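Asks: Dropping a structure here in C-alpha cells format, bear with me for questions.
The values are calculated or read from the model by the stated rules, or taken from the named source; none is laboratory data. Because the structure is predicted, anything quoted here is derived from the model rather than measured. In this analysis, Cβ positions are derived from the backbone assuming ideal geometry, glycine residues included, and neighbour counts consider all displayed protein chains.
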Amino acid sequence: MTVISRVARLFRADMHGLLDNIEEPELLLKQAVREMEAEQVLLKQQADGLQQQKTTVQATLQRTQKELSQLEEGLGLCLAEGNDDLARALLRKQLYLQRCHDEYQGRLVSLDHQLAETLERIEQQASALERIRQQAAVFDAGESGADSAVKADLGAITEADVEVALLKAKAQVKEQAKQQMKGHAS
C-alpha cells in the first residue's frame with residue numbers, strides 16, 4: 001500500500017508542477033532572468049580574475065626579461081675576462097630564467113585565449129538576456145490586453161527560449177570553471 005501512496009503522491013506533485021508551469025509562465029520567465037543575471041555577474045567576475053592573472057603574468061614576464069638582459073651583460077663580461085666558472089653559473093641561471101620566461105609566455109597566451117572566450121560568452125549571454133527581457137516585456141504587454149490564445153503562444157515560446165538559453169549559460173559557466181581549474185593546475 002505504501003508504494004501506491006508514494007506513486008500517487010509523486011503523480012500529484014508532477015501535476016501540481018505542470019499546473020504551476022501552465023498558470024505562471026511569467027514567474028518562470030522572471031526566475032530565468034534572475035538566474036541569467038546571476039550567471040552574468042559570475043562570468044564578469046571570472047573575466048576580472050583572468051585579467052588580474054594576465055596583468056600579473058605580464059609583470060613577471062617583464063621582470064624576467066630584464067633579468068635575462070642583465071645576465072647577458074654579465075655573461076659577456078665573464079667571457080671577455082675568461083672567468084669560465086662564473087660564466088657557467090650565469091649560464092645556468094640564464095637557462096633557468098629562459099625556461100621560466102617561456103612558461104610565462106605560454107601562460108599568457110592561454111590567459112588571452114581564456115579571457116577572449118569569457119568575454120565572448122559574456123557578450124552572447126548579454127544578448128540572450130536582452131532578448132528574454134524583450135520577450136518578457138511583450139509577455140507583460142500581452143497580459144494586459146491580448147486575448148488568451150496569443151498569451152499562451154507567447155508564454156510557450158518564451159519558456160522554451162528561456163530554458164534553452166539557461167542550459168547554454170550553465171554549460172558555458174561549467175566549461176569556464178573547468179578551464180580555469182585546468183589553468184590553475186598548470
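The rows are residues; the columns are (1) surrounded by 15 or more Cβ atoms within 10 Å (Cβ to Cβ); (2) part of a helix (DSSP H, G or I); (3) at pLDDT 95 or above; (4) of a type outside the set (Phe, Trp, Tyr).
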site: GLU39; (1), (2), (3), (4): yes, yes, no, yes
site: THR60; (1), (2), (3), (4): yes, yes, yes, yes
site: GLN70; (1), (2), (3), (4): no, yes, no, yes
site: GLY76; (1), (2), (3), (4): no, yes, no, yes
site: GLN94; (1), (2), (3), (4): yes, yes, no, yes
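Asks: Could you say which residue among ARG99, ARG107, ARG121, ARG88 is modelled with pLDDT of 90 or more, charged (D, E, K, R) and under 15 Å from the mean Cα position of the chain (by Cα)?
Replies: Of the residues listed, the single one that is modelled with pLDDT of 90 or more, charged (D, E, K, R) and under 15 Å from the mean Cα position of the chain (by Cα) is ARG121.
Asks: Working only within the stretch 72-115, note down all residues that are of a type in the set (D, E, K, R) and touching a residue at least 12 places away in the same chain (Cβ under 8 Å).
Replies: Within the stretch 72-115, GLU72, LYS93, ARG107, ASP112 qualify.
Asks: Quick one: what pairs do we get from the stretch 116-139, first residue among the hydroxyl-bearing types (Ser, Thr, Tyr), second in a helix (DSSP H, G or I), C-beta under 8 Å, 6+ apart or different chains?
Replies: From residues that are among the hydroxyl-bearing types (Ser, Thr, Tyr), the pairs are THR118/LEU43; THR118/GLN46; THR118/ALA47; THR118/LEU50; THR118/GLN176.
Asks: Taking the stretch 41-58 on its own, how many of its residues are of a type in the set (Val, Ile, Thr) and surrounded by 13 or more Cβ atoms within 10 Å (Cβ to Cβ)?
Replies: Within the stretch 41-58, residues that are of a type in the set (Val, Ile, Thr) and surrounded by 13 or more Cβ atoms within 10 Å (Cβ to Cβ) number 2.
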